[in-house]
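The values are calculated or read from the model by the stated rules, or taken from the named source; none is laboratory data. Source: prediction; values computed, not measured. Virtual Cβ from ideal backbone geometry, glycine too; neighbours counted across all protein chains shown. To get the accessible areas, we keep the full protein, side chains included, count just its heavy atoms, and leave off ligands, DNA and RNA. Shrake-Rupley method; radii C 1.70, N 1.55, O 1.52, S 1.80 Å.
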Amino acid sequence: MEKYTNIERYALIFILMQVMEADSIIHEQEIAFLNRMFIQLEITEQEISIISGLDLQQCEFVIREMDASKKEKAITLFKEMASCDGYVDPRELKIID
């Protein structure tokens, strides 16, 4: 996995959570995917409270400012989250776009 700064890690998790919640239905597969991302990105319980205090605009800015390689990987992760329940909802795509 790419080496992300703390704010990049937080933005990734925040957006993944937004994608997961976009269709108002949280599936077990989405929770499992998010938990894997917590592990891969080494997100602690304390950091989760920091992440929940962020807002979408902050996180969108951080993602837009990532270098091309990180941004490409981020988009891949967002799409994986959107599709892990077997259906990509248009509301999920709106967040990814």
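Annotations for the structure displayed:
- Magnitude of the charge dipole for the range 8-97, about its Cα centre and with charges confined to Cβ atoms of Lys, Arg (+1) and Asp, Glu (-1), is about 220 debye.
- Look at the dipole of the range 1-60 built from charges on Cβ: of 59, 38, 15, the Cα furthest out on the positive end belongs to 38.
- Accessible surface of the chain, 1.4 Å probe, proportion on carbon and sulfur as whole %: 53 percent
- With a simple spin-label model that places each label point 7 Å from the Cα along the Cα-to-Cβ direction, the separation between residue 61 and residue 76 comes to 2.8 nm.
- The chain: relative contact order in percent, alpha carbon pairs under 8 Å with at least 6 residues between: 48 percent
- In order along the range 11-22, the phi-based Karplus estimate (6.51 cos²θ - 1.76 cosθ + 1.60, θ = phi - 60°) of 3J(HN,Hα) comes to 5, 4, 5, 4, 5, 4, 5, 5, 5, 4, 8, 4 Hz; Gly and Pro are listed as x.
- Only lysine pairs 8 or more places apart, or on different chains, with alpha-carbon atoms under 13 angstrom apart are counted in the chain, and they number 5.
- Accessible surface for the chain, divided over its residues, is 60 Å² per residue with a 1.4 Å probe.
- Remark: the range 34-46, residue by residue, has Karplus-estimated 3J(HN,Hα) of 4, 4, 5, 5, 4, 5, 4, 8, 6, 8, 8, 4, 4 Hz, where x stands for each Gly or Pro and the curve is 6.51 cos²θ - 1.76 cosθ + 1.60 at θ = phi - 60°.
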